[in-house]
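Derivation of every value follows stated rules applied to the coordinates shown; laboratory data play no part. Not measured: the values here are computed from a predicted model. Methodologically, a virtual Cβ is constructed for each residue, glycine included, from the backbone with ideal geometry; neighbour enumeration extends over all protein chains shown.
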Amino acid sequence: MTGHRPSLAVVGATGAIGGVMLRILSQHADVWGEVRLVASPRSAGRKLVVRGEESEVLALAEDVFDGIDVALFLVPDEVSARWAPIAASKGVVVIDDSAAFRLDDDVPLVVPEINPHAARLRPRGIVASPNCTTLSLIVAVGALHAEFGLRELIVSSYQAVSGAGRDGVAALREQLALVAGTELGTQPGDVRRALGDSAEATGSPFAAPVALNVVPWAGTDAGDGWSSEEIAIREECRKVLGLPDLKTTATCVYVPVIATHSMSVHARFENEVAVGKAHEILATAPGVVLFDSPASGDFPTPSDVVGTDPTWVGRVRRSMDDPHALEMFLCGDNLRKGAALNVAQIAESVAAEFPRA
Ligand SMILES: NC(=O)c1ccc[n+]([C@@H]2O[C@H](COP(=O)([O-])OP(=O)(O)OC[C@H]3O[C@@H](n4cnc5c(N)ncnc54)[C@H](OP(=O)(O)O)[C@@H]3O)[C@@H](O)[C@H]2O)c1
């Protein structure tokens, strides 16, 4: 059998994650043959640059998968739900970044630093990549789990607006322009009134103003008062870590940050924990940077971390009332490890399965 460099389709190449993916494909060691760019019919004919060359965007249709080995799906859930099985039925290995298949028993949910082997067994021809909050959290917590035995997670997120895609970024930029230079933010409801209908008119995906504000609701209604993002953290951490009974509580909050999610984490373990040992683990864990000298101002913040690959961890403390628990604060770029980078890492491991020329 003659080998070849696998061909790749990037579906959703024009989106927030798609843009980062094109940069990653241009920066990482090039393992691909043809790279085909795909989006909705709205974008057909647009030209985007990947690996230093202009390439024309094709409209999503069955024949865009002809001759393709691996397809990255960086599109809304409903588009993945419909089209990923079509691509898979043509023998394409699909790496899906949407929520459509993450909790499907026949679809592995993969974080290469934690469960790389899972990507090789894919009964439906689809591999899923977790939600951006799960991803930033799990590389750090998974490393600690291997040493101490994770039992419970309590997470509060401070999520960037790009978690809601291009529309989220557009909404924050527009709202910031409207409040800049005003005295708004001092009276009940003044920001909401000043933005008026503009939030709706610009298609803001947020349930409240996000400029000069925080919004404690991310995703859709998952019942019993929970948001879909909060349930995703719980179910995805359980699946990736192989801990079906892991106690997990999350409260997800949008903050006026463009990219990079932050999280305050309370992690309880089976074994007693020591900060020294936790530092040692985090300092050497793949995909993690320990940045923890708060008295000198060394702690992660989203504006310092944005654009970088790892999860940055700081403020590591042993809980005052529980020798089995650690508190920490972490930041991870939701568009890189939180999405495009994880998908690229999975795709590169799949590419390595193809026989070389
Ligand atoms: N943003 C994050 O932090 C993050 C993190 C993890 C996972 N994800 C997931 O990744 C996916 C993409 O997110 P995003 O933030 O990049 O969204 P986005 O900025 O809104 O981009 C959406 C992309 O999907 C394409 N698309 C929309 N409808 C389509 C259709 N009917 N047929 C073909 N292509 C279609 C769009 O193409 P056009 O330009 O032609 O409309 C665009 O390329 C979503 O499932 C999201 O949940 C996002």
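Give the aspartates and glutamates whose C-alpha is closer than 15 Å to that of K47, dropping any in the same chain fewer than 8 places away, or say none. K47 reaches E56. Taken about its Cα centre, the range 1-69 carries a charge dipole of roughly 320 debye when the Cβ of each Lys and Arg holds +1 and the Cβ of each Asp and Glu holds -1. Using the Karplus relation 6.51 cos²θ - 1.76 cosθ + 1.60 with θ = phi - 60°, the per-residue 3J(HN,Hα) values for the range 169-180 come to 5, 4, 5, 5, 4, 5, 5, 4, 5, 6, 9, 4 Hz, with x marking Gly and Pro.
Between I154 and V49, full extension at 0.36 nm per residue minus the direct alpha carbon distance yields a gain of 33.7 nm. GNM on the chain, alpha-carbon springs under 10 angstrom: the most fluctuating residue among G149, G242, G15 is G242.
Compactness of the chain was expressed as the Cα radius of gyration divided by 2.2 N^0.38 Å, which yields 1.01. Using the Cα gyration tensor of the range 201-312, with a ≥ b ≥ c the square roots of its eigenvalues, what is the shape: rounded (a/c below 1.5), prolate (a/b larger than b/c) or oblate (neither)? Here the range 201-312 falls in the oblate category.
Let a ≥ b ≥ c be the square roots of the eigenvalues of the Cα gyration tensor of the range 110-173; is it rounded (a/c under 1.5), or, if not, prolate (a/b larger than b/c) or oblate?
Since a/c reaches 1.5 but b/c is at least a/b, the shape of the range 110-173 is classed as oblate.
Computed extension length for R317-T284: 10.1 nm, one decimal, from 0.36 nm per residue of separation with the Cα-Cα distance subtracted. With the simple spin-label model, which puts each label point 7 Å out from Cα in the Cβ direction, the D106 to D63 separation comes to 2.9 nm.
Per residue, the average separation of C-alpha pairs within less than 8 Å and at least 6 apart gives the range 269-357 a relative contact order of 25 percent. Charged neighbours of R102, selected by a Cβ distance under 9 Å, balance to -3 (K, R count +1; D, E count -1). Computed from the C-beta positions of S89 and A207 and an R0 of 45 Å, the FRET efficiency is 0.75 to the nearest 0.05. Dividing the mean sequence gap of close Cα pairs (under 8 Å, 6+ apart) by how many residues the chain holds gives a relative contact order of 20 percent.
Taken along the Cα-to-beta-carbon direction at a fixed 7 Å, the label points for E272 and S40 span 5.8 nm. Applying the Karplus relation 6.51 cos²θ - 1.76 cosθ + 1.60 with θ = phi - 60° to the range 53-70 yields 3J(HN,Hα) values of 10, 6, 9, 8, 7, 9, 6, 4, 7, 4, 6, 5, 8, 4, x, 9, 9, 10 Hz, where x marks Gly and Pro. Basic side chains Lys and Arg get +1 at the Cβ, acidic Asp and Glu get -1 at the Cβ, and with that the dipole of the range 103-200 about its Cα centre reaches some 220 debye. For D30, D105, the sequence from fewest to most other C-beta atoms within 10 Å is D105, D30. With both residues required to sit in the chain, DSSP beta bridges show an antiparallel share near 50%.
When the chain is modelled as a GNM with alpha-carbon springs shorter than 10 Å, which of H117, H261, H324 fluctuates the most? Taking springs between Cα atoms under 10 Å, the residue moving most is H117.
Near D96, the amide H atoms lying under 5 Å from its own belong to F73, V127, A128, S129; only residues 5 or more places off or on other chains count, and H is placed 1.01 Å from N.
So for D104, D63, fewest C-beta neighbours within 10 Å to most, what's the order?
D63, D104
Translational diffusion coefficient of the range 60-213 (Stokes-Einstein, Kirkwood radius from Cα pairs, 4 °C, 1.567 mPa s): 70 µm²/s. Between rounded, prolate and oblate, where does the range 258-328 land on the alpha carbon gyration tensor, with a ≥ b ≥ c its root eigenvalues, rounded for a/c under 1.5, else prolate if a/b exceeds b/c? In terms of gyration-tensor shape, prolate.
For the residues D97, D309, D224, a GNM of the chain with alpha-carbon springs under 10 Å puts the largest fluctuation on D224. Look at the dipole of the chain built from charges on Cβ: of V275, C132, T182, the Cα furthest out on the positive end belongs to C132. For GluC sites (Glu not before Pro), the sites in the range 262-357 that DSSP calls loop and that have at most 16 other Cβ atoms within 10 Å are E270, E272, E353. Sorted into 10 angstrom bins from 0, the C-alpha pair distances of the range 299-344 split as 28, 37, 24, 10, 0 percent. When each of C331, C237 is scored by the number of other beta-carbon atoms lying within 10 Å, the sequence from fewest to most is C237, C331.
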